[in-house]
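Working notes, beginning with the structure itself.
The values are calculated or read from the model by the stated rules, or taken from the named source; none is laboratory data. This is a predicted model, so every value here is computed, not measured. Reconstructed Cβ throughout: ideal geometry from the backbone, glycine too, with neighbour counts over all protein chains shown. These area figures cover heavy atoms from the full protein model, side chains too; ligands, DNA and RNA do not enter into them. Shrake-Rupley method; radii C 1.70, N 1.55, O 1.52, S 1.80 Å.
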Amino acid sequence: MQRISFPKEKLNIYLKVFMYVYLFTVFSGAIRKWIILDKQIGNIILLIQILVPFSFIFIRGGLRNWRLGKAEIFLLIFVLIIGILNPLNLTFFHGILGFLLHFAFFFILFFYINNRQFFAFELIIQFLIVVGLGQLLLVFFQYTQPPDSFINTYADVEAVGSIALVGNSARVSGTFSYISGFTAFLFFNSLFIWALVKYHYKSIYIIMLLLLGIFACFMSGSRGATYLYLIIVLLIGYSEYLTFTKIIFDFKLVFPILIFSTIILGIGNEKLFDTLSSSFAGFAERRNSGIETGEEKSRIINDFIEVINFNGNYPFFGVGIGSTYQGATKLFGVSPYVQEYGFFESEIVRIVLEGGFLLLFTRIFILYVILKNLLIPQIPKIGLFIILLLFFPIIFNVYNSTFAALGIILVDHFYFLEYTNRRLILNANPKPYFG
């Protein structure tokens, strides 16, 4: 398969900042739970993680290129400022943290869209593959270790009660502070696979990332992560059917896979097979339990019902952005208006609770504008719109927002390469191109 590419060049500041944001997001949790155990320093690292997406601000000239979405981004800023200044907000600091959380995902994507031509991601593909495979292999090791092992700890075990289990094994977290960080990485991994398929990269690496990612979903014990991973794979199959099928049925890979399998089975390493089968069994057990109790169905439909029948007393402007964020409430206190509302869990409900329907409809509009400006095919765009709006929290989980944004711009970049190469061919020789 012939890859689409431009002449190679050195890494520019855009790629260096991207790598910094990516690496800090991957390894900040490892620092918090394995190296620096002090909770106060851990909170500082978490604060840096919240600020990391805005590192692109420091790229000289990056903001001057801002053309697309300028009015929309100012609209979002205006609505968020209303949320900061909301008199019902407990403190100004709640609002500032809320602004950063609500703005980060959109900021990364708008910055990328206005600076597409400077992100030559093909130069760092091998680096991203190495980090990705390393992360996935780490969780295989974690899954074989006892739940109380040092490798399976969280940044703050006391805050969550105990190590979560899937079957008799710990639900893996990779290098991340908690399971949610790793499930965010799995979403990124599925988008990264999409980018590799579009780039026509080597089949062996795509299949390794794909299969390891699926088993890692089972080991995480997260039904949401597994479903979203498979949905993204379906979107890849839809948008890149010919390339994807060639990769999946690349018969050159049969021989090396057979050799690897023979070595594993020949040395009597049943533990690997047991690990894979138990991870799936543990995941299936959680899924069946959720179906039997009705918990899984309620997670899917209750959010819609709760938003439609919103029972908060401040549906138009909310009670102030950041007021439901755990980090803010832990440091600065819980608003009595949030306590008055009672239990909440889903992100879409929290958006209305914090900023009212004004913020919710603004975010829906901004998300539409961003996806409209991406070069990803139309049906996958609709799929991403539904996922990001309803099923993948991109506000209050800082790992989710960062990984989702980075993954989406990787996918879009290789559609941009194809689009640009077609324009070059058209300009050089228009008649044969259409002929």
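Here is a yes/no grid of residues against (1) touching a Lys or Arg at 6+ places or on another chain (Cβ under 8 Å); (2) open to solvent by 10 Å² or more (accessible area, probe 1.4 Å); (3) more than 24 Å from Val52 (Cα to Cα):
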{"position": "Leu358", "(1), (2), (3)": "no, yes, yes"}
{"position": "Arg363", "(1), (2), (3)": "no, yes, no"}
{"position": "Leu374", "(1), (2), (3)": "yes, no, no"}
{"position": "Ile386", "(1), (2), (3)": "no, yes, yes"}
{"position": "Phe392", "(1), (2), (3)": "no, yes, no"}
{"position": "Asn397", "(1), (2), (3)": "no, yes, no"}
{"position": "Thr402", "(1), (2), (3)": "no, no, no"}
{"position": "Ala405", "(1), (2), (3)": "no, no, no"}
Original post:
Do you know which residues across the range 326-337 are buried (at least 22 other Cβ atoms within 10 Å of the Cβ) and either in a helix (DSSP H, G or I) or modelled with pLDDT of 95 or more (or both)?
Top reply: Ala328
**OP:** Only residues that are open to solvent by 30 Å² or more (accessible area, probe 1.4 Å) and hydroxyl-bearing (Ser, Thr, Tyr): list them for the range 91-117, please.
**Re:** Thr91
**OP:** Could you list, in sequence order, all residues of the range 118-137 that are open to solvent by less than 40 Å² (accessible area, probe 1.4 Å) and either among the aliphatic types (A, V, I, L, M) or not in a helix (DSSP H, G or I) (or both)?
**Re:** Phe119, Ala120, Ile124, Ile125, Leu128, Ile129, Val131, Leu133, Leu136
**OP:** For the range 97-105, indicate whether the set of residues that are in a loop (DSSP other than H, G, I, E, B) and more than 28 Å from Tyr415 (Cα to Cα) is non-empty.
**Re:** no
Original post:
Restricting the first residue to the range 201-222 and requiring it to be closer than 21 Å to Phe414 by Cβ, which pairs with a second residue that is charged (D, E, K, R) and open to solvent by 10 Å² or more (accessible area, probe 1.4 Å) meet a Cβ separation below 9 Å and a spacing of at least six or different chains?
Top reply: Tyr201/Arg3; Ser203/Lys246; Ser203/Asp250; Ser203/Lys252; Ile204/Asp250; Ile204/Lys252; Ile207/Asp250
Subject >> Residues of the range 150-165 classified as more than 21 Å from Ile45 (Cβ to Cβ) and touching a Ser or Thr at 6+ places or on another chain (Cβ under 7 Å), total >> reply: 0
Original post:
Pick from the range 346-386 the residues that are part of a helix (DSSP H, G or I) and touching an Asp or Glu at 6+ places or on another chain (Cβ under 8 Å): which of them is nearest to Ile236 (Cα to Cα)?
Top reply: Val369
Original post:
Considering the range 338-350 alone, what residues qualify as being open to solvent by less than 80 Å² (accessible area, probe 1.4 Å) and touching a helix residue (DSSP H, G or I) at 6+ places or on another chain (Cβ under 9 Å)?
Top reply: Val338, Tyr341, Phe344, Ser346, Glu347, Ile348, Val349
Subject >> Count - residues of the range 210-232 that are hydrophobic (A, V, I, L, M, F, W, C), touching a Leu at 6+ places or on another chain (Cβ under 7 Å) and within 24 Å of Ala170 (Cβ to Cβ) >> reply: 5
**OP:** List every residue pair whose Cβ atoms lie under 6 Å apart, where the two residues are 6 or more positions apart in sequence or sit on different chains, the first residue falls within the range 55-73 and is over 19 Å from Leu100 (Cα atoms), and the second residue, located anywhere, is of a type in the set (D, E, K, R) and open to solvent by 70 Å² or more (accessible area, probe 1.4 Å).
**Re:** none
**OP:** Residues being among the small types (Gly, Ala, Ser) and open to solvent by less than 10 Å² (accessible area, probe 1.4 Å): count how many of those fall in the range 164-185.
**Re:** 6
Original post:
Looking at the range 154-163, is at least one residue in contact (Cβ under 8 Å) with a residue 60 or more places away in the chain, open to solvent by 60 Å² or more (accessible area, probe 1.4 Å) and either closer than 30 Å to Asn313 by Cα or in a helix (DSSP H, G or I) (or both)?
Top reply: no
